[in-house]
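*Asks:* Here's a structure for you.
No lab work stands behind these numbers, since they all come straight from the coordinates. Owing to the predicted nature of the structure, the values given are computational and were not obtained by experimental measurement. With ideal geometry, Cβ positions are generated from the backbone for all residues, glycine too; neighbour counts draw on all protein chains shown.
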Amino acid sequence: MKRRAFLTLLTAWPFAARAQQGMAVIGFLHAASADAVSDRLRAFRQGLQESGYIEGENVSIIYRWAEGRNDRLPELAAELARRPVGLIAAVASNNAAFAAQAATRTIPVFAVSDDPVKLGLVASLAHPGGNMTGVNFFNAEITAKRLELLRKLVPGAKRVALLVNPKEASNIERVVQEVEKAASTMGLQIQTLNATTSREIDAAFAAMARERPDALFVSGGPFFNSRRLQFGMLAARQAVPAIYASRDYPEFGGLMSYGTNVADAFRQVGVYSGRILKGAKPAELPVVQSSKFELVINIQTARMLGLTVPPSLLAVADAVIE
């Protein structure tokens, strides 16, 4: 399977910036909120610790959260760029990466869900050039695999709803293309629904209640991830089998997920951040390719939906939630 991108790239000043008290300083930019990514923050700090940095002891982190509002990212990125930071970790969305890139050509660390070369963020994966490097989270190009897993769990499915957030346009266009391409080979009909707010998620599920698709494919992204409990409750209420991009969803009652182990990718971002603070040049640090993928199945939700999980899926699942 050809893999490319959900990536996190890093950049820094030629010399690590220091706060007045002598600490290195990191700016952390995220499209969602702190409570939505608490486990990933722990992993990021773990990676920093592996590189010799402990928050509050020898590194300070300035957090900026867009709270699901992508329009705030440019302002927040510019604010961080004006600070004496050694690097900016602009993680988990294309929009955060682009905002950081626009704010400074001397600092960032970012996470996107498509090919960073294609998006113009780096010159190449092996030799990033410029001020950005980081970690590839494979996401957009494993959509076909995700759809295949959904079909295995719901073998009689003919019509699948695809729910996307058009505000993640640079990623969503590719996701839609990949899903439609895979669906055509499986004989599936795809109905694309859009949602950019909590109310629009409710409206999308109301539309599904009328149209009655056989299954639901939910695209990734920080906003959707922050609404994972809402997704779990609505999918259960509408009795629609759904697959998601990360394990956060089945942990909150969703049926199944397949994707990068995002926490491990955040740990890798922390490791690279530490290396840059110690003087490594982003232009010379190859983009790391995330190697951990996980299939997570909530067996209790499957039973509630009247689904029998095939032994072949249980055998390859990385986690089965009872």
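*Asks:* Can you order the peptides 148-159, 82-93 by their average number of other Cβ atoms within 10 Å per residue, highest first?
*Replies:* Numbers: 148-159: 16.1, 82-93: 25.9.
Sorting 148-159, 82-93 by mean packing, highest first, produces 82-93, 148-159.
*Asks:* Under a point spin-label approximation (7 Å from Cα along Cα-to-Cβ), what is the Leu229-Thr308 distance to one decimal in nm?
*Replies:* Output for this residue pair reads 3.5 nm.
*Asks:* If you put +1 on each Lys and Arg Cβ and -1 on each Asp and Glu Cβ, how big is the dipole of the chain around its Cα centre, in Debye rounded to 20? Don't skip to the answer; put the middle values down first.
*Replies:* Values: 36 positive and 28 negative charges, 51 e Å.
Value, rounded to 20: 240 debye.
*Asks:* Something else now. Show that you can apply the helix-only estimate: for the chain, add -39,500 (n - 2.57) for every DSSP H stretch of four or more residues, divide by all residues, and state [θ] at 222 nm to the nearest 500.
*Replies:* Computed ellipticity for the chain at 222 nm equals -11500 deg cm²/dmol.
*Asks:* Using the Cα centre of the chain as origin and beta-carbon charges of +1 (Lys, Arg) and -1 (Asp, Glu), tell me which of Ser51, His30, Leu150 is placed farthest towards the positive end of the dipole.
*Replies:* So the residue we want is Leu150.
*Asks:* Residues with amide H under 5 Å of Val117's amide H, sequence separation 5 or more or different chain, H placed in the peptide plane at 1.01 Å from N; which?
*Replies:* Those lying under 5 Å, H to H, from Val117 are Val122.
*Asks:* Under a Cβ-only charge scheme (Lys and Arg +1, Asp and Glu -1), can you give me the dipole magnitude of the stretch 214-322 about the Cα centre, in debye to the nearest 20?
*Replies:* Here the stretch 214-322 has a charge dipole of around 340 debye.
*Asks:* If you take the square roots of the eigenvalues of the alpha-carbon gyration tensor of the stretch 14-97 and sort them as a ≥ b ≥ c, do you get rounded (a/c under 1.5), prolate (a/b over b/c) or oblate?
*Replies:* Oblate, since a/c reaches 1.5 and b/c is not below a/b.
*Asks:* Report relative contact order for the chain in percent, whole number only (criteria: Cα-Cα under 8 Å, sequence separation at least 6).
*Replies:* Result for the chain is 23 percent.
*Asks:* Now for a separate question. Net charge around Ile107, counting only other residues with Cβ within less than 14 Å of its Cβ (Lys, Arg = +1; Asp, Glu = -1)?
*Replies:* Here the charged neighbours net out to +4.
*Asks:* Here is a further query. Which three numbers, in whole Å and largest first, are the semi-axes of the equivalent ellipsoid of the stretch 32-149 derived from its Cα gyration tensor as √(5λ)? All intermediate terms of the calculation are to be shown ahead of the outcome.
*Replies:* Numbers: eigenvalues 105, 67, 53 Å².
Calculated on Cα positions only, the semi-axes equal 23, 18, 16 Å.
*Asks:* Classify the stretch 217-322: rounded, prolate or oblate, from the alpha-carbon gyration tensor (a ≥ b ≥ c, eigenvalue square roots; a/c under 1.5 rounded; otherwise prolate if a/b is larger than b/c)?
*Replies:* In terms of gyration-tensor shape, prolate.
*Asks:* List the residues, sorted by chain then number, that are 5 or more residues from Val288 or on another chain and whose placed amide H is less than 5 Å from its amide H.
*Replies:* Gly134, Val135, Asn136
*Asks:* Based on Cβ point charges of +1 for Lys and Arg and -1 for Asp and Glu, what charge dipole magnitude is obtained for the stretch 25-78 about its Cα centre, in debye rounded to the nearest 20?
*Replies:* Computed about the Cα centre, the dipole is about 80 debye.
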